[in-house]
Amino acid sequence: MSEMNSQTSALRSALAKHPSVTLGHHPTPIDHLANLSADLGITLLAKRDDCNGLAFGGNKVRQLEYYMGAALATGADTVLVTGAVQSNFVRTTAAAAAKLGLASEVQLEDRVPGTDALQQRSGNVLLSEMLGAGINYFPEGENEAAADAALDVRAAELRAAGRKPYVFHLGSDHEPTGGLGYAACAAEILEQLDGDLPDAVVIPSGSGLTHAGFLVGARACGWDVPVIGICVRRDAGLQRTRIGNRARQIASLLDHDDLIQEADVIIRDDVLAPGYGQLNDSVTHAIDITARREALFLDPVYSGRTVAGLIDCLNTGVIQPGSKALMIHTGGNPGVFAYQSKLATVLDRVNPVA
Ligand SMILES: Cc1ncc(COP(=O)(O)O)c(C=O)c1O
């Protein structure tokens, strides 16, 4: 067995020590995006975590395999989660709870200025309601600790009423359970590509568990690929600290202390403005060309920003012409419907009526 194969199986054994449940169709495919590759002058691969099956899928399904494993291990009957109004985590938590016969309560935070009625009710909100989640609202969108504390208050009320709640906290002072799912994803990709590896991986970086988990998984397997995190919420300074901390915490859950060095944490925020959940020209361009050239949908908050960030890396020489890049498509497709009015404006501009 090669060195990398034995490190990959050691990672799988370390992951197996954590409780988990199967929720998604894994392995997800890796597609060669031939048309965009030709346009951009690179070989572009997409890891299709948008196709992992559970209720429109996405990255949170891998994270939930471990969150739900932890919740079930405590005998929980209800799970509580917080996220933006159009949170995919909220929708997939409601879906996983429905599948596993648990109740779910989701807390929707007002994080995006200037939302319209569609953003408030359509897309992920509609789906969470269809999945049977109880919905609570939380106005302070930028106060992560307060959002977590509000979940704890609600959990105490449920406990007093005889229920067994389990809270999935978002703040970085809580255990990074969901990151284990992306350590597993790195191992999965190594097994799929069987030695034919990309020169760079491009991945969205929000709460950070996808980015940090993937980085830990790659390094634990001895894979030293640059993992370029594209900021979707915080600027590069804040996000660098967050990812370093989260990666060290995840590594320690896998008995891999000292695995992550400062140089491993690569963060880019060049396509973040004007901020979380808001479109800019580079994001709308990425959404537009990926739909037209690859029949692949990107959402305005996460995957659209990831491809915009990848193009920015090409334009700035961070990714070299002729090289091979792998983007992690983390899903978020229901967000397209919530952003219908904003995307329609862009499409009218791109395709003016004659
Ligand atoms: C579709 C999608 N992609 C990427 C992310 C970012 O993942 P993370 O929060 O693990 O950084 C999210 C987070 O909600 C998401 O919903």
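The values are calculated or read from the model by the stated rules, or taken from the named source; none is laboratory data. Source: prediction; values computed, not measured. A quick note on method: Cβ atoms are made from the backbone with ideal geometry, for glycine too, and the neighbour counts reach across all protein chains shown. We work out accessible area using only protein heavy atoms, side chains counted, and drop any ligands, DNA or RNA first. Shrake-Rupley method; radii C 1.70, N 1.55, O 1.52, S 1.80 Å.
Just one of the listed residues (84, 71) is closer than 28 Å to residue 111 by Cβ, open to solvent by less than 10 Å² (accessible area, probe 1.4 Å) and modelled with pLDDT under 95, and it is 84. Scan segment 162-171 and give yes if some residue there is within 15 Å of the ligand (Cβ to nearest atom), open to solvent by less than 10 Å² (accessible area, probe 1.4 Å) and within 26 Å of residue 23 (Cα to Cα), otherwise no. Looking for residues that are within 15 Å of the ligand (Cβ to nearest atom), open to solvent by less than 10 Å² (accessible area, probe 1.4 Å) and within 26 Å of residue 23 (Cα to Cα), one finds at least one in segment 162-171, hence yes.
Would you call residue 147 away from the ligand (no atom under 14 Å from the Cβ) and more than 15 Å from the chain's Cα centre (by Cα)? Spelling it out, it is not the case that residue 147 is away from the ligand (no atom under 14 Å from the Cβ) and more than 15 Å from the chain's Cα centre (by Cα). Within segment 31-68, being of a type in the set (S, T, N, Q), within 16 Å of the ligand (Cβ to nearest atom) and open to solvent by 10 Å² or more (accessible area, probe 1.4 Å) holds for one residue alone: 59. Checking each residue of segment 197-207 against the condition of being open to solvent by 50 Å² or more (accessible area, probe 1.4 Å) and either of a type outside the set (A, V, I, L, M, F, W, C) or in a helix (DSSP H, G or I) (or both) gives at least one match. Any idea how many residues of segment 180-191 are within 13 Å of the ligand (Cβ to nearest atom) and either within 19 Å of residue 326 (Cα to Cα) or not in a helix (DSSP H, G or I) (or both)? So the answer is 4. Is it the case that segment 177-191 has a residue that's open to solvent by 30 Å² or more (accessible area, probe 1.4 Å) and at pLDDT 95 or above? For segment 177-191, residues open to solvent by 30 Å² or more (accessible area, probe 1.4 Å) and at pLDDT 95 or above: present. Restricting attention to segment 297-327, the residues that are among the hydrophobic types (A, V, I, L, M, F, W, C), part of a loop (DSSP other than H, G, I, E, B) and either closer than 22 Å to residue 113 by Cβ or open to solvent by less than 10 Å² (accessible area, probe 1.4 Å) (or both) add up to 3. Annotation note: of 281, 257, 224, 270, the sole residue that is closer than 21 Å to residue 319 by Cβ, open to solvent by 50 Å² or more (accessible area, probe 1.4 Å), away from the ligand (no atom under 16 Å from the Cβ) and modelled with pLDDT under 95 is 281. For segment 1-30, filtered to residues that are outside any helix (DSSP H, G or I) and open to solvent by less than 50 Å² (accessible area, probe 1.4 Å), the residue that is nearest to residue 98 (Cα to Cα) is 23. For segment 105-129, filtered to residues that are open to solvent by 10 Å² or more (accessible area, probe 1.4 Å) and part of a strand (DSSP E or B), the residue that is nearest to residue 72 (Cα to Cα) is 105.
Checking the stated criteria, residue 77 turns out not to satisfy the condition of being within 13 Å of the ligand (Cβ to nearest atom) and modelled with pLDDT of 95 or more.
Residues of segment 130-149 that are assigned to a helix (DSSP H, G or I), touching a residue at least 24 places away in the same chain (Cβ under 8 Å) and open to solvent by 30 Å² or more (accessible area, probe 1.4 Å): 144, 145.
All told, residue 245 falls short of being surrounded by fewer than 24 Cβ atoms within 10 Å (Cβ to Cβ), more than 14 Å from the ligand (Cβ to nearest atom), under 24 Å from residue 83 (Cβ atoms) and in the same structural domain as residue 19 (by TED's automatic domain parsing).
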